[in-house]
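Report on the following structure.
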Amino acid sequence: MFRKIVTVALAVVLAAGCQKKVDIIWPTSVHFEQESVSIKVGEVVTLKPVFEPEQANLYTKYFGVQLFTSDPSVAGFHKNGSVIGLSPGTATITVLASTSVTDKDGNMITSIGNTCTVVVANSQDVVVGK
């Protein structure tokens, strides 16, 4: 069975006819476009991760990122980076990405990350600083 699966997979690759080599430019750092945002309950905002160097922004096309929230009762998110205010409070959204670079001391760095603070207000409250 295993041989049949491998053979079929190889045939599909060969039938595709062309393989394009893609040189990956590994990111050395990542941050969100905003350090903090203020939204109302029910409001949605998109947090976009930005990679350095700039050419590494293609990285997400191949590898993607992971998003985490410090308080899922306050702010939730979708994989595309859209964050929704769920209840009043403050949550920290963290973006993590794998990488394969070395620092100035020659140490291997395998992941990078950064955060954005999301302040969620009641929908009838005035949101300042947005």
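Some notes on this structure:
- If the segment from Thr115 to Glu52 were pulled out straight at 0.36 nm per residue, it would be longer than the present Cα-Cα gap by 21.2 nm.
- Highest average packing first - 39-46, 70-77, Cβ atoms within 10 Å: 70-77, 39-46
- Scaled against the 2.2 N^0.38 Å expected of a compact globular protein of N residues, the Cα radius of gyration of segment 25-121 reads 1.15.
- Gain upon complete extension [Val44, Asn122; 0.36 nm per residue less C-alpha separation]: 26.7 nm
- Site pair Asp71 and Ser36 shows an inter-label distance of 1.3 nm when each label is modelled 7 Å from Cα along Cα→Cβ.
Throughout, read-outs are computed from the coordinates displayed, never taken from laboratory work. Everything numeric here is computed off the predicted structure, so don't read it as measured data. Glycine gets a Cβ as well: all are built from the backbone with ideal geometry, and neighbour counts include every protein chain shown.
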